[in-house]
Structure formats: structure tokens, C-alpha cells
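The values are calculated or read from the model by the stated rules, or taken from the named source; none is laboratory data. Not measured: the values here are computed from a predicted model. Neighbour counts run over all protein chains shown; Cβ positions are idealised from the backbone, glycine included.
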Amino acid sequence: MNVAGPTVRRNGARSRRGGVATSLPSPGSDVWPHRQPSLPLGEVEADRPRREVLPGVVHVPAWLGLPAQRALVEDFRRWALPPAGLRHPRVPTGHLMSVQSVCLGWHWQPYAYSRTADDTDGAPVKRLPPDIIELARDAVGTAYGAGGPEVATYAPDAAIVNLYAPGARLGLHQDGEEPSPAPVVTVSLGDTCTFRLAGVDRRTGPFTDIEMRSGDLLVFGGPNRRIYHGVPKVFPGTAPPDLGLPLGRLSITVRETGLP
């Protein structure tokens, strides 16, 4: 399979204004659910089989059970703390992104990687935990086969963890700054979202939309490693109960950058 090479958006330009550091709200506030309604699990999940949505794009519903989801949310609450903690990234044009992000392994700000949180406090980025590396390797094995070449050579070294508070979304974009052609792994937690795919060479329709629920896995690689994708909609009140997450959605996206 042919894989498109990395893109250099705005020649790696960054906003001089930087991002805006944020913090998670205190438990018990209005943005913490007391007990969110959830989509029915079990028999409904059986109607959502694993499928290759597009060449190299694999969606696996209910890949993680609730205990594993809760453990990741607990990890996120630690990752979100400063230094190099949670923030709203800012694109070079000055627009502040509605998602809140924290990075592991490498710090990403639109549109470049660094080893320090240059858009906020300048602190060294938190390391990518070994269990997240293994989680991502398991995900690639689930998508393409445990004995496949994608797993044998896969060496993830960065994660971008995005919190979608109510009203947040993510416009269509490419994961294009990484020289590595290795697959991208995304785990969805919390509220259900519409995950939208366009094309490798276009951000316009026709689109392929995927409903991603809490615990779902999406892996994209091969000819669609650089596909334009985004999250235009998050559906409030659809998370499992007692997940430990503020209202909204959490995504954990793991990549192999190929950077030295």
C-alpha cells in the first residue's frame, strides 16, 4: 500500500500568542455529571461489528471495557496537571482551538513538535507511559492482525489527549507533521461523537462518518494515513455512568512520529 508523505503546514509556523493553560473543573461542579445516562451496552454492541471503513481505516466498537476506560480517565486527570498540562492550543492565525489538549512523549502545537510545552509554561513534556505504548501496539494488532508487519515495526512515541468540553469540536485536518507512515491510533472515551473522514487530498465531501462511542477504537494507516478527519459533533449525555470524566468526550490519539 502506498502511503502519502508528511505535510509541512505553514512551514512549521506557530502562533506568537501561544496557547491558554486550563485545568479540570473541581468534582461536584456543574460540569461533572452526578450520573450520566448511557447508551445501552451489551446486546446493542453486538450489532456493531469490527469493520474496515476505508482501506487501512478500521473501527472496532467496544474495544475497551468500562474498567479500562475508567483507568485511562484517571491517568488523564494526572496528565492534565501542570507542568506541561492541559491547555487550549492556538493555531498560527491566532484562533484558539475549542478542544483542550495535553501531550505525552512529544509536545504538539499547531503545526510542529517539540520536547517542551513552548506554547504555555515551557516545561518538558510528560513521558509517554509504557502502558499507553502497549495499548497502542495492541490496537494496531487488533486492526491489522497481531502477526502483521504493522505491529512488528510499530514504535509509538507521542500521544495527543483531547478533551471536548460541551460545544467543542475539531475541524477537518491531517495528522501530517510526522515523517513516520505508521498507523494512527485513537481511543474514544465519554460522550459519543461523529468522527468524520474526507480524503487524503481533500477536506471536502463526500464524507464517511463513524459513530464513536466510549471504548471504541479507530486505527487509520496505509493509503489513508494522511486522511483529512475531524469531529464535527459530540452528543451530550451519552457517556457511561461514573466514568470520572467531566461532561464531554476524551480522545487519546497515539502516533509514531519518526522524529529523532
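Within segment 86-114, restricting attention to residues that are among the polar types (S, T, N, Q) and crowded, with 20+ Cβ neighbours inside 10 Å, the residue that is farthest from the chain's Cα centre (by Cα) is Gln109. Of all residues in segment 230-260, those being surrounded by fewer than 20 Cβ atoms within 10 Å (Cβ to Cβ) and among the small types (Gly, Ala, Ser) number 4. Within segment 86-93, none of the residues are hydroxyl-bearing (Ser, Thr, Tyr) and within 22 Å of Thr192 (Cβ to Cβ). If Ala71 satisfies all but one of (1) under 16 Å from the mean Cα position of the chain (by Cα); (2) in a helix (DSSP H, G or I), what's the number of the condition it fails? It is condition (1) that Ala71 fails. Could you tell me which numbered condition Glu52 fails, if it satisfies all but one of (1) without any contact (Cβ under 8 Å) to a residue 40 or more places away in the chain; (2) farther than 25 Å from Ala182 by Cβ; (3) not aromatic (Phe, Trp, Tyr)? Checking Glu52 against (1) without any contact (Cβ under 8 Å) to a residue 40 or more places away in the chain; (2) farther than 25 Å from Ala182 by Cβ; (3) not aromatic (Phe, Trp, Tyr), the one that fails is (2).
For Gly19, the conditions (1) surrounded by fewer than 18 Cβ atoms within 10 Å (Cβ to Cβ); (2) in contact with a His (Cβ under 9 Å, 6 or more places away or on another chain); (3) at pLDDT below 95; (4) under 25 Å from Arg226 (Cβ atoms) all hold with the exception of (1). Applying the set (1) surrounded by fewer than 18 Cβ atoms within 10 Å (Cβ to Cβ); (2) small (Gly, Ala, Ser); (3) touching a strand residue (DSSP E or B) at 6+ places or on another chain (Cβ under 6 Å); (4) closer than 30 Å to Glu52 by Cα to Gly145 leaves exactly one unmet item: (3).
If only residues of segment 202-216 that are touching a Lys or Arg at 6+ places or on another chain (Cβ under 9 Å) and touching a residue at least 12 places away in the same chain (Cβ under 8 Å) are counted, the one that is surrounded by the most Cβ atoms within 10 Å (Cβ to Cβ) is Ser214. Residue selection: Val184 satisfies the criterion of being in contact (Cβ under 8 Å) with a residue 12 or more places away in the chain, under 20 Å from Val58 (Cα atoms) and under 17 Å from the mean Cα position of the chain (by Cα). Within segment 200-219, is even one residue among the polar types (S, T, N, Q), in contact with a Ser or Thr (Cβ under 7 Å, 6 or more places away or on another chain) and over 22 Å from Leu135 (Cα atoms)? Within segment 200-219, not a single residue is among the polar types (S, T, N, Q), in contact with a Ser or Thr (Cβ under 7 Å, 6 or more places away or on another chain) and over 22 Å from Leu135 (Cα atoms). The test for being basic (Lys, Arg), without any contact (Cβ under 8 Å) to a residue 40 or more places away in the chain and either part of a loop (DSSP other than H, G, I, E, B) or farther than 15 Å from Val219 by Cα (or both) does not hold for Arg196.
Reported count of residues in segment 216-239, each being farther than 16 Å from Tyr164 by Cβ and assigned to a loop (DSSP other than H, G, I, E, B), is 5.
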